[in-house]
Amino acid sequence: MCGIVGCIGHEKSVAFLLEGLEKLEYRGYDSAGIAVHGGDELKVYKARGKLENLRNLLNGNSSSYSLKAGIGHIRWATHGVPNETNAHPHISSENKVSIVHNGIIENYKELKRELSERGVEFKSQTDTEVIAHLIEDFLNQGHEFCDAIRHALKKLDGAYALGVIFKEDPETLYAARKSAPLIVGVGKNRNFIASDAPAILEHTKRVIYLEDNEIAQIKSSSYKILDLEGNILKKKVETLPWEPVSVSKMGYKHFMLKEIHEQPDVIRQTLFDKLRSTDQPLNLKEVKLTRQQLENLDRIQVIACGTSLHAALVGKYLIEEFTGVPVDVEASSEYIYKRAIVSKNSITIGVSQSGETADTLTAIKQAKAKGSHVLVITNRPDSTMAREADSLLPVNAGFEVSVAATKSYSAQLMAFYLLAIFLAEIKNSLPAERIEEYKKELIQLPQKIEMILSNKEKIHECAIKFHNTRNFIYIARGINFPVALEGALKLKEISYINATGYPAGELKHGPIAMLDETIPVLSVLAPGKVYEKVLSNSEESKARNANMIAVTSEENEHLEQVFDFIINIPYTDEVFSPILTTIPLQLLAYYIAEFLGKDIDQPRNLAKSVTVE
Ligand code: M6R
């Protein structure tokens, strides 16, 4: 949510800032801007909307003193509408300081009032602008550059990752962090800052992870990290576990479509890494609990947001079914305002693609503070959550560019399958033959997904028929109920069509009142325990004239009578069906959004990494 970059010592600072921002565009696209030294002043360029608009603005107008400090920002608006005035970088009244910020300053109104009473004029409606004025205020009181920042930070409540440059100190780039991600990239005669690794990977893999309440004072060939009292800290330089990221769509029209098609390989890779043989017990060495602790485990709580929350709900079903251990799943944003209950034999699992989602990060910190062992399932082993974890289970889906999560969700599901089997083996809660069958079936799944991906006509047809509908309902039961939620979320976020997922048995308790011929109802019908039940709930909907769509591996005449569209998928055991049933729902959402001409990879109002509460 908002991305910041900065550099010092780079001979093409403007080009670096623009390229860096391009790699961070998944974090927001309400506006973009940069600030650089130009002549004897700070020059700020900003444009509303996507980065492309800033590029157009800068075309032929990017003169700056290279090698000097520069900062850039990509915005996801929190305070103030997305316009040019509210775009970052912000600059202080006397043009001495320019800053970029990711986070929210909670006491900004109070600070703004104080500064306004002293004659400072505010140009924007943002919470950020106060920081620039505050720093300038301390400069004017005689503090040197870094001290001015330190004193200003002490007055702030809330979250920030900051990049700061000064007109009078062109050879230094400053950065600071509290509850928002920020790394310092250490290069050769040039250094960088960024909200996330992809922005600097082409330039360096050596980074320092800034912690809360730390300030970086960065020159082209040296740096100092200080605390808020001005003490110099010793920090480790770490190596990023990534290669430079390819942002290529590889011939696909959108990243989302490419990422949907990557799912078989993502699952194959996970199985190759973790499931070498089907007749040997799984060894999840990433889980840093003793055998005794695992045997005694009697409760698990899982916290996550959005799509990761849906993966967690499938995980709940699996762990409970395989081990009998009760699992509570909660949205992180709800968890953090409740009494955190942890017990001796329980653990907490945080699930997050980005590993930076503010609500989930706060939730796992709270659970850890209460003494819970925290296991993090994330696609980003270099993230803040990964560094907070007691156990880290990376999911290795590769960089996911599209805001709508697809391959990371499948990878999270795989993590839960492996974890559930691992626990079942330790607790001896399933017969060994069943576990072996399960492992064999897991290995078949990538091929079955490929069959769905090579047979998309029906999904396409369905999208043509329903792309103009305003409301969509998804129903399922049991392990596929979270799939209904996920299908509905995918459709909402990229097509802006109102879509809701219900447990099929709940329809008759209210939602059925909405049904008529204008509403499509999509039923996830996996053969197994609840198949007949979902079918009968589907018949109830058909009787109210709803347009009926099925996603199922069954083929029979009765289904043809109930459903207007049947999307066939290969058969798998009910416990694995979410891996397959999700795929057509991702594709349906994609094709509907495509017919509607929506901005699929960067849907309005969203950002991929939600780093504010
Ligand atoms: O990075 P995280 O998994 O923690 O993100 C959680 C949600 O913000 C995320 O899943 C969001 O719902 C996606 N846009 C869904 O496609």
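The values are calculated or read from the model by the stated rules, or taken from the named source; none is laboratory data. This one's a predicted model, so the numbers in the text were calculated from it and none came from an experiment. We place every Cβ from the backbone using ideal geometry, glycine too, and count neighbours over all the protein chains shown.
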Would region 40-57 turn up any residue that is among the polar types (S, T, N, Q) and in contact with a strand residue (DSSP E or B) (Cβ under 6 Å, 6 or more places away or on another chain)? yes
Matching strands (runs of 3 or more DSSP E) fully within region 497-613 where at least 2 residues are free of Cβ contacts under 8 Å to residues at least 40 places away in the same chain and not charged (D, E, K, R): 498-503, 547-552
Residue within region 100-114 that is over 33 Å from the mean Cα position of the chain (by Cα) and in a helix (DSSP H, G or I) present: yes
Just one of A424, A499, A484 is touching a Ser or Thr at 6+ places or on another chain (Cβ under 8 Å) and crowded, with 24+ Cβ neighbours inside 10 Å; which is it? A424
Could we say that V287 is crowded, with 18+ Cβ neighbours inside 10 Å, more than 16 Å from the ligand (Cβ to nearest atom) and either outside the structural domain of Y417 (by TED's automatic domain parsing) or more than 26 Å from the chain's Cα centre (by Cα) (or both) here? no
Are any residues in region 233-273 modelled with pLDDT of 90 or more and either assigned to a loop (DSSP other than H, G, I, E, B) or basic (K, R) (or both), and if so, which ones? K234, K235, K236, V237, G251, Y252, K253, H254, K258, E262, R268
Can K542 be described as away from the ligand (no atom under 16 Å from the Cβ), of a type in the set (D, E, K, R) and touching a strand residue (DSSP E or B) at 6+ places or on another chain (Cβ under 6 Å)? yes
Those residues of region 229-278 which are farther than 18 Å from N396 by Cα and among the small types (G, A, S), in sequence order: G230, S248, G251, S277
Which residue, of I165, I193, I208, is part of a strand (DSSP E or B) and in contact with an Asp or Glu (Cβ under 9 Å, 6 or more places away or on another chain)? I208
Output for region 320-344, where each listed residue is in a helix (DSSP H, G or I) and surrounded by fewer than 22 Cβ atoms within 10 Å (Cβ to Cβ): E320, E321, S333, E334
One residue from G355, G315, G350 being within 10 Å of the ligand (Cβ to nearest atom) and either at positive phi or in contact with a Phe, Trp or Tyr (Cβ under 7 Å, 6 or more places away or on another chain) (or both): G355
Residue among L54, L58, L42 that alone is more than 21 Å from L201 (Cβ to Cβ), without any contact (Cβ under 8 Å) to a residue 60 or more places away in the chain, buried (at least 23 other Cβ atoms within 10 Å of the Cβ) and of a type in the set (A, V, I, L, M, F, W, C): L54
Out of all the residues in region 126-143, is one or more of a type outside the set (A, V, I, L, M, F, W, C), within 19 Å of K224 (Cα to Cα) and at pLDDT 95 or above? yes
With the requirement that a residue be surrounded by fewer than 16 Cβ atoms within 10 Å (Cβ to Cβ) and polar (S, T, N, Q), what does region 216-269 give you? S221, S222, N231, T239, S246, S248
Quick one: in region 375-411, which of the residues that are out of contact with any helix residue (DSSP H, G or I) (no Cβ under 6 Å at 6 or more places or on another chain) and among the small types (G, A, S) is nearest to the ligand (Cβ to nearest atom)? S408
Does I300 count as surrounded by 15 or more Cβ atoms within 10 Å (Cβ to Cβ), more than 16 Å from the ligand (Cβ to nearest atom) and outside any loop (DSSP other than H, G, I, E, B)? yes
